[in-house]
Amino acid sequence: MSISAPQTEGSQNQPTNTQVQPGSQMQTQFIQIATALQNHATLTAKSTARALLQYCSSGDVRPLLNLQRHLCGVQDENGDTPLHLAIIHQKPAVVQQLIHLMTKSPQQKSINKFNNLSQTPLHLAVITKQPKLVEILMRIGADPSLLDRDGRTALHLAAHTGDETILRVVLGMLGERNDNLVNCADFSGQYPVHIAVKKDGEHCLKLLVEAGAKINMPEQKSGYTALHLAVRDNLLKVACNLITELKADVNACTYGGNSPLHLAASQGSPHLCSMLIAAGADKRLENDEPLFLSSSSSDEDDESETNNGDSQLQAEIVQQVQCLSISSERGAFNPRKRHAAGHTPFDLAKCKKVKDLLDGKRNLKTSPFASKRTKTCTEEVNQSLDKEVLTKLCDILIEDNVPWKKLAEKLGMLTLTHLYQESTTPCQMLLENYQLSGGPVDFLVEALQSLGVSEGVRLLNDCKPKEDEQSSDSTADSGFGSQSGFTIPSSVGEGVANPAVANH
């Protein structure tokens, strides 16, 4: 019995040893992993030390960056990668070094990585106006069609900067695959041409049109074209460039039926109105807003006209109610098939100068004393300066060696100098733009007299209507303001101050 007991204990201890054996194997594996990690850390530390020593001796940071290339895609709390931050802080050398590493590693996808504002490195390079980086990024695969949180591509952002160099680089690197971006709208319905107008970018507009942008494309929210926006923002210089150089449609209408002339009249801008009318804008064009629903009326209407208008308003309202009451029998009521006429630019005019320029029938009734002279002045501007007279006058100026820049200074049109310089016949273009903007003949005569061009003065005087000689004391409103008491600008500053060409 005493001998069997130790055997039993031995037999009980034997499975205990077998249970401890798996634990020993796990401990061995842990020790091996720890040893491997320690060896790797040691090797990394030695490699980092060698790279640091090499950097200190040579100044080349690439060995240090090469050890960290696996971290090129890491993002901070704003979602910015190291490439985002280098571009934001305008460190072109660091950007080039990061790009060099990323192109040789799996982290190349970080080139098109978004931050929390849905901005790629290419977006940031465009916004910060770094054309060299824009070209490098697009060359190595940055996608220009990616959208930020406002739905804008790199091309939209380039147009928003108003920087001709940036826009030229982006357009040059698009390629055939992305050439449709010039006519691509953002989330607000605006195309690059609309954004360029808002930034007063004449050269940017020209680049976009040359790249295939449609200058008469309406923005998707209200149907404004580029010319509508220029008129709305009182950008006379841009509007003139759109009409003369880019051939914008002066009678294009918004979704509400408003032409650029409607906008110019509603803003009370005689300068824009005269230019649009000279370019062929339709003064009788009606928008889609019926007159009887509007409270707008002329300040000069007398009490009888007001009463007649009220009675007509009541009649129209009754008629509309009758139409609605029988709509179930005749079908759905179509508001566009109405009896009332829409607003013409004259109906929206806010000042007498604009009304005189529009020269509607209602204006003749309200201003009987000025209508005769206004008609004469309108004919004088639009008929006397015809193509033949302008050609003869241009030949006279060339023969007399009159510098066209001095004439532009006298006429207050120095703000458009860059347009004339690019033309083969700057003098001819100057006179055509003067006519287009509604410049009066008398003012041109005074400018020629101050320059001593007597033959040109004689030519213009022969073209004047006889009535002008009989009523020299009367004044007329035109796109260049009243002719009475007008002084000739004698410096560049005074020329720019002329309200006819001042870019508001």
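Points worth noting:
- Pairwise FRET efficiency - residue 405 versus residue 461, Cβ, R0 = 41 Å, nearest 0.05: 0.95
- Packing-based exposure ordering (other Cβ within 10 Å, fewest first) of 353, 91: 91, 353
- Zero-based 10 Å bins, Cα pair distances in the stretch 53-214, whole percents: 11, 38, 31, 14, 5, 1
- Exposure proxy shown here: for 87, 111, the number of other Cβ atoms within 10 Å sets the order, fewest to most, as 111, 87.
- Computing FRET efficiency as 1/(1 + (r/R0)^6) for residue 168 and residue 392, where r is the C-beta to C-beta distance and R0 is 56 Å, gives about 0.90.
- Each residue in 434, 224 was given a count of other beta-carbon atoms within 10 angstrom of its own, and listing them fewest first yields 224, 434.
- At R0 = 51 Å, FRET efficiency that the Cβ-Cβ distance of residue 46 and residue 284 yields, to 0.05: 0.05
- Each listed q (0.19, 0.21 Å⁻¹) maps to a log10 I(q)/I(0) for the stretch 147-278 from the Debye sum over equal C-alpha point scatterers, namely -1.01, -1.19.
Any read-out appearing in this document is the output of simple, stated calculations on the displayed coordinates, not a laboratory observation. On a predicted model such as this, the values are computed, not experimentally measured, just so you know. Heads up, the Cβs are rebuilt from the backbone with ideal geometry, glycines too, and the neighbour counts pull from every protein chain shown.
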